[in-house]
Amino acid sequence: MLCHIADILVFSDTIPDARPLLLGGCTTPIILQITNRFDYGISPSDQDAYRQLMSDATTRKHVWWVVNNPYEVLFISQRGIKLPLDRLLLLRPVGVCLLPPPQLAMRERPRVALVQPSGSYHLENTVIAPWVRSQNLTDYVRMYRQHYGGPTVLAHHRGVITVPYQTSVMKMYEGLTAGAVFIIPSPAFFKNLLDIYNNDVMVFCCRDLLRDRPHDWQEFFDWYHRDFINAHILYDSWEDLYGIIIDREGSAQLIEEKRAIGIDAMRRSRQNTLDGYSSLYRSVSQQACEAAGTEDVLSQGFVRRPHGF
């Protein structure tokens with residue numbers, strides 16, 4: 001009965017949840033919103049059978065595939081599954097955050113924010129926070145733990161020091177929408193940092209991406225993707241970062257320019273996503289209407305209404 005519990009079935013993030021329906025040949029239109037949890041919980045001994053099922057599902061016209069960043073398509077293709085271009089959509093997060101605006105003290109606004117993630121292996125914790133203290137920069141940098149108050153807090157600061165640990169995170173989309181300006185290593189410096197530090201010091205999900213795709217890795221990495229990279233302030237060295245932090249007056253115009261670029265980049269991205277979902281649900285709704293008369297639906301006791309009712 002789960003197959004026909006609704007006209008359209010959506011499985012998000014943990015895709016193995018859809019496995020029983022795919023195995024059972026469910027004809028209800030299915031949308032799979034994929035992340036790198038595509039094969040979460042699948043044991044090594046079961047991987048071949050699972051991937052074969054997913055490969056078969058790519059041929060079913062009523063199964064649609066949605067990714068929220070470019071890396072996911074590459075991630076799945078590396079597992080031998082070629083997603084169907086006619087039923088594959090890149091629909092990025094829209095950056096909406098419903099947290100109430102904070103009351104940030106005026107003295108904090110000229111400072112750069114550094115959010116220290118909960119994991120001990122993030123470069124913000126292992127290298128940058130100690131470096132900030134050793135350089136006597138605590139008057140210029142407001143250091144937060146992981147509960148920092150959301151994107152509007154970040155947007156009130158002069159900038160946000162961040163080192164990507166995933167190819168995309170909600171913090172980026174929400175932050176840019178709110179007007180936050182991220183200060184991140186340049187592509188060259190980021191690669192240099194990965195060469196220097198292992199995952200015990202600088203955790204990063206996808207080191208193989210830069211190794212295997214040395215010339216186009218940025219196309220799969222939203223922090224550095226052409227759609228967003230111009231919204232960030234990039235630094236090429238620790239000395240460069242030091243100068244950005246202490247030069248409050250000199251960086252003011254650049255920060256406001258970057259803030260406007262980020263807001264506009266998310267406006268375009270958000271419209272693309274909304275248009276994409278509108279198109280997707282028009283197509284899937286049409287399929288749902290056509291599927292109302294299939295044998296498996298009628299066998300459940302559902303009655304197909306005459307046209308016009």
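If you rank His157, His215 by fewest surrounding Cβ atoms within 10 Å, what's the result?
Details: His157 23, His215 6.
Listed from fewest to most nearby Cβ atoms, that is His215, His157.
Calculate, axis by axis, the spread of Cα positions in the stretch 2-90 along the three principal axes, and write the results as whole Å, longest axis first.
32, 30, 20
Arrange Tyr173, Tyr71 by Cβ neighbour counts within 10 Å, fewest through most, would you? Spell out each step's value before the answer.
Details: Tyr173 26, Tyr71 23.
Ascending number of Cβ neighbours within 10 Å: Tyr71, Tyr173.
What is the Cα convex hull volume of the stretch 33-80 when expressed per residue in Å³? Provide the component values of the computation, followed by the final result.
Details: hull volume 3.7 nm³, N = 48.
For the stretch 33-80, the hull spanned by Cα atoms encloses 76 Å³ per residue.
Where Lys and Arg each count +1 and Asp and Glu each count -1, what net charge lies around Val163 among other residues with Cβ under 13 Å from its Cβ? Mind showing how you got there, number by number?
On the way: positive: Lys171, Lys191; negative: Glu124.
Counting the neighbours of Val163, the net charge comes to +1.
Just how large is the dipole of the chain about the Cα centre, in debye to the nearest 20, putting +1 at every Lys and Arg Cβ and -1 at every Asp and Glu Cβ?
Numbers: 31 positive and 33 negative charges, 116 e Å.
So the magnitude is around 560 debye.
Measure nothing fancy, just the Cα-based angle from helix 248-291's long axis to the longest principal axis of the chain, in degrees from 0 to 90, nearest 10.
Tilt of helix 248-291: around 0 degrees.
Could you work out how far the C-alpha centroid of the stretch 6-78 sits from that of the stretch 128-194, in angstrom?
After rounding, the separation between the Cα centres reads 34 Å.
How big is the convex hull of the Cα atoms of the stretch 100-253, per residue, in Å³?
Numbers: hull volume 17.1 nm³, N = 154.
Taking the convex hull of the Cα positions in the stretch 100-253, it is 111 Å³ per residue.
Can you give the helix-only mean residue ellipticity at 222 nm for the chain, where every DSSP H stretch with n ≥ 4 adds -39500 (n - 2.57) and the sum goes over all residues, rounded to the nearest 500 deg cm²/dmol? Display every interim value, and only then the final one.
Details: 11 runs with 117 residues, N = 309.
After summing the helix terms and dividing by the residues of the chain, the value is -11500 deg cm²/dmol.
What angle do you read, to the nearest 10 degrees and between 0 and 90, between the alpha-carbon axis of helix 47-57 and the longest principal axis of the chain?
70 degrees
Could you work out the Rg to Rh ratio of the chain, with Rh taken as the Kirkwood radius (inverse of the mean 1/r over all Cα pairs)?
Details: Rg = 22.9 Å, Rh = 21.8 Å.
Here Rg/Rh amounts to 1.05.
Could you please rank Arg92, Arg282, Arg19, placing first whichever residue has the fewest other Cβ atoms within 10 Å of its Cβ? Write out the running numbers ahead of the final one.
Working: Arg92 21, Arg282 9, Arg19 18.
Starting with the residue having the fewest Cβ neighbours, the order is Arg282, Arg19, Arg92.
Less than 11 Å Cβ to Cβ from Ile42, Lys/Arg counted +1 and Asp/Glu -1: what total charge do the surrounding residues give?
Taking every other residue near Ile42 into account, the sum is +1.
Tell me the net charge near Lys258. Cut-off is 12 Å between Cβ atoms, Lys258 excluded, with +1 for each Lys or Arg and -1 for each Asp or Glu. Mind dumping the intermediate values first?
On the way: positive: Arg158, Arg259; negative: Glu256, Glu257, Asp264.
The answer is -1.
Quick note: the coordinates plus some simple rules give every number you see, no bench work behind them. Note that the structure is a prediction, hence the values are computed from the model and not measured. Neighbour counts are summed over all protein chains in view; Cβ atoms, including those assigned to glycine, are modelled from backbone coordinates with ideal geometry.
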